[in-house]
Amino acid sequence: MRHMSGRSDDGSYRSIPNCKHAFCRQCLREWHAFEKFKKETTCPTCRSVLLNDQSEDNPIEKAKIYGARAHKHSNNPEQKLRHCERALQELDKLLSRDGSNILALFTKAEILLLQSKPKDALEVLDTILDIDYQNRSKRETVARYLDQVDAAGRSGNTLEADRLMTLVHEIAGTRGEHIGNILENLVDIFLLKADVLQQLGEWFAAKEVYKDLLELPAGVPRWIIGGVMATIILIIIYGMAATITKYFVSAFWSGGVLYEIFLRYGSSRKSKKKTILSLPKELRTPSVPQQRQCYMNMTKCYYNLQDYTRAIYAGELALHMNRHYAGVHEYVAKANKAKGNMEEAQRTMQRAILYETPWDTGNIEKQLAMLEEITTRQ
């Protein structure tokens with residue numbers, strides 16, 4: 001049984017009180033029947049013990065259920081829109097009381113992306129990153145002041161300790177109520193942001209997000225780009241001969257250094273937003289499933305950028321990690337087809353039919369249609 005995947009007879013849901021995960025009533029009945037010979041009934045998602053079966057008002061879980069229903073009815077625009085609107089209504093009620101609820105905002109961004117509103121989703125994701133940045137900065141400041149309070153207390157400087165505690169209360173409140181939650185890891189935010197960029201057709205920007213998360217080489221170093229730009233400008237001004245004989249080396253190195261300094265420091269002053277690689281490693285390190293997701297989506301990005309060789313390479317890496325993931329075989333086959341490797345494209349689609357989501361008949365029919373198309377053209 002999958003979380004949020006089923007549809008109940010009466011359209012209602014129930015939430016498990018101790019862990020707050022919500023499910024359709026029919027799904028819970030099926031799960032309870034499956035576990036009837038066990039001593040304890042557990043939550044299907046986290047396996048926490050289900051102490052009772054009372055309904056709970058959980059707007060985020062309700063919104064996720066509506067989102068899952070909208071995804072299920074992707075081919076029915078009217079029903080999809082209705083479920084998305086219901087999800088947003090649940091989230092907006094919660095956000096009207098707590099506008100900085102990060103989980104609610106993240107779920108809202110997912111629903112907006114499902115609604116094909118990528119710009120609105122991007123604004124929500126930027127809001128999440130701003131909230132996390134502000135809360136993280138407050139926590140760091142409070143921690144620094146508390147260290148100074150301890151030092152002042154050990155030295156007997158009670159006046160300084162009282163002054164610092166006053167500053168702590170101004171920032172955090174007497175019980176820390178002014179400091180909101182922070183995210184343990186920002187990878188999910190960046191992955192969803194890359195999905196948004198894909199929907200906007202910004203394939204290069206999306207690909208760069210995945211490369212940064214995986215810490216892959218970024219291509220030509222920026223200082224080399226700056227050096228080439230400076231050299232071109234010098235050629236235009238002074239002419240080819242003078243540049244080669246007198247100014248080439250100095251222009252190349254000075255231009256490269258200045259360009260790197262500008263990108264690293266000049267642009268950072270204009271915005272508080274940090275790049276992925278500038279964040280602490282623990283905030284941007286993807287788990288193995290997230291790494292797999294990066295490679296899978298990079299395949300699609302490279303294909304749409306018409307870099308078919310890299311699309312095939314990224315796709316093969318993704319399939320080595322999980323050959324059952326839907327969609328990857330398709331883009332590897334398309335890339336081979338674009339390069340004229342029709343036999344390899346055909347073999348790839350045959351593997352897709354064998355391995356990709358064997359439980360999903362709709363996906364299998366799609367792969368069969370593509371295989372037939374490739375075979376016919378061959």
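Only protein heavy atoms count here; on that basis, with a 1.4 Å probe, K72 has an accessible area of about 130 Å². Counting every alpha-carbon pair across segment 47-195, the share separated by more than 23 Å comes to 53%. Given a 1.4 Å probe and the protein chains as shown, Y325 ends up with an accessible area of around 100 Å². A straight line joining the Cα centroids of segment 345-378 and segment 116-133 runs 37 Å.
Jot down the per residue volume, in cubic angstrom and as a whole number, of the convex hull over the alpha-carbon atoms of segment 150-202.
135 Å³
For Y295, Y313, the ranking by accessible surface with the largest value first comes to Y313, Y295, using a 1.4 Å probe. Sorted largest first by accessible area at a 1.4 angstrom probe radius, with every protein chain in place, the residues F204, F106 fall in the order F204, F106. The simple Förster model, with R0 at 45 Å and r as the Cβ-Cβ distance, assigns T174 and H324 a FRET efficiency of 0.30. Kirkwood radius and radius of gyration were both taken over the C-alpha atoms of segment 304-378, and their ratio Rg/Rh is 0.95.
Exposure check, 1.4 Å probe, all protein chains in place: R144 carries approximately 120 Å² of accessible surface.
The values are calculated or read from the model by the stated rules, or taken from the named source; none is laboratory data. Because the structure is predicted, anything quoted here is derived from the model rather than measured. Neighbour counts are summed over all protein chains in view; Cβ atoms, including those assigned to glycine, are modelled from backbone coordinates with ideal geometry. Protein only, heavy atoms only, side chains kept; ligands, DNA and RNA dropped before computing areas. Shrake-Rupley method; radii C 1.70, N 1.55, O 1.52, S 1.80 Å.
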